[in-house]
Amino acid sequence: MKGEHSIKLLCRVLHVSRSGYYRQRKNPCSARRRRDAELAAQIAAAHRKGRGNYGAPRIVRELRDQGTPISQRRCARLMRELKLQGKKRHRRKPRTTDSRHSQPVSGNQLAERPAPSGPDQVWVTDITFLKTAEGWLYLAVILDLWSRRVVGWACALTLHASLALAALYRALAQRRPPAGLLHHSDRGGQYVDGDYRAILRDHQIEQSMSRAGNCYDNAFAESFFSSFKTESGLEEKIPATRHEAELATFDYIETFYNPTRRHSSLGYLSPVAFENQPTSKDIKAA
């Protein structure tokens, strides 16, 4: 068409400036495409930082916290173009609870209490299993329900009460909770053990247990295990040894989950960042 008509006439008809036309000729890549390329690089970096676990919502929050505005729609489009996606969790039934014992159980106080408003008001705990080439490794974890932070964990070759006790001792040493903390678990034999209950009493910790056969009563701990097994890579690649599985557990909890992993329920903050937010008292004191 430009061979038949002058550039001046075409620009006037199409309401395009001649300077803009010649500028586009010299630099055919549009500003939007250049911006997409810049954002794609940042998205790829954020995806790597999240260990390949983050989908568009968490990556959007990561970039915004870095000072880069981006919509979730644009982020999702660029992730599709980069063939990046977050890991999807697999729902599973717990197989580590044996409530066939004659010990008395505690009632479900968790269902009757309001949601915690600060740290060390409610802890939830559970046990899961990790498959290795050497055999099973069992993992006990204690979570602070307010911040979702792992406050205690331990690994062992068996499901004896000593496993749950090791996680409890670690949590008590790290947090030193005040009297009145609520400790919630399932009805497994580890949590009705006499030594375990004695430690709770000594620290003035109230005990709460899920209803019989109701896995949803301890859904927060089970949700953590679902994320942990998917995001740590322990489901995709079976560790050669139990020691290797324990090292992977340490790496996930201590260097990724607690300090870095973003939670939608925490406003896309990590557990550590959520706990370290300034309170109204801090702001007034400043």
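Computed quantities for the displayed model
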quantity: Some residue of region 174-188 being out of contact with any Lys or Arg (no Cβ under 9 Å at 6 or more places or on another chain) and within 30 Å of His47 (Cβ to Cβ); calculated: no
quantity: Enumeration of residues in region 183-204 that are closer than 16 Å to Gln109 by Cβ and buried (at least 20 other Cβ atoms within 10 Å of the Cβ); calculated: His183, His184, Ser185, Asp186, Arg187, Tyr191, Val192
quantity: Output for region 115-124, where each listed residue is surrounded by fewer than 20 Cβ atoms within 10 Å (Cβ to Cβ) and either polar (S, T, N, Q) or not in a loop (DSSP other than H, G, I, E, B) (or both); calculated: Ser117, Gln121
quantity: Failed criterion for Lys229 (all others in (1) surrounded by 17 or more Cβ atoms within 10 Å (Cβ to Cβ); (2) basic (Lys, Arg); (3) free of Cβ contacts under 8 Å to residues at least 60 places away in the same chain; (4) closer than 30 Å to Ala133 by Cβ hold); calculated: (3)
quantity: Residue check, Tyr54 modelled with pLDDT under 85 and aromatic (Phe, Trp, Tyr); calculated: no
quantity: Residue in region 51-69 that is in contact with a Pro (Cβ under 8 Å, 6 or more places away or on another chain), among the polar types (S, T, N, Q), surrounded by fewer than 15 Cβ atoms within 10 Å (Cβ to Cβ) and free of Cβ contacts under 8 Å to residues at least 40 places away in the same chain present; calculated: no
quantity: Per-region count, region 246-260, residues part of a helix (DSSP H, G or I) and in contact with a strand residue (DSSP E or B) (Cβ under 8 Å, 6 or more places away or on another chain); calculated: 4
quantity: Selection count, region 70-89, where residues are surrounded by 12 or more Cβ atoms within 10 Å (Cβ to Cβ) and either free of Cβ contacts under 8 Å to residues at least 60 places away in the same chain or touching a strand residue (DSSP E or B) at 6+ places or on another chain (Cβ under 8 Å) (or both); calculated: 12
quantity: Among (1) under 14 Å from Ile127 (Cβ atoms); (2) without any contact (Cβ under 8 Å) to a residue 12 or more places away in the chain - the single one Asp186 does not satisfy; calculated: (2)
quantity: Conditions (1) among the aromatic types (Phe, Trp, Tyr); (2) under 21 Å from Asn258 (Cα atoms); (3) in contact with a Lys or Arg (Cβ under 9 Å, 6 or more places away or on another chain); (4) surrounded by fewer than 19 Cβ atoms within 10 Å (Cβ to Cβ); number of the one not met by Trp153; calculated: (4)
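The values are calculated or read from the model by the stated rules, or taken from the named source; none is laboratory data. This structure is a prediction, so every number in the text was calculated from the model and none was measured. Don't worry about glycine lacking a Cβ; one is built from the backbone with ideal geometry, like all the others, and counts go over all protein chains shown.
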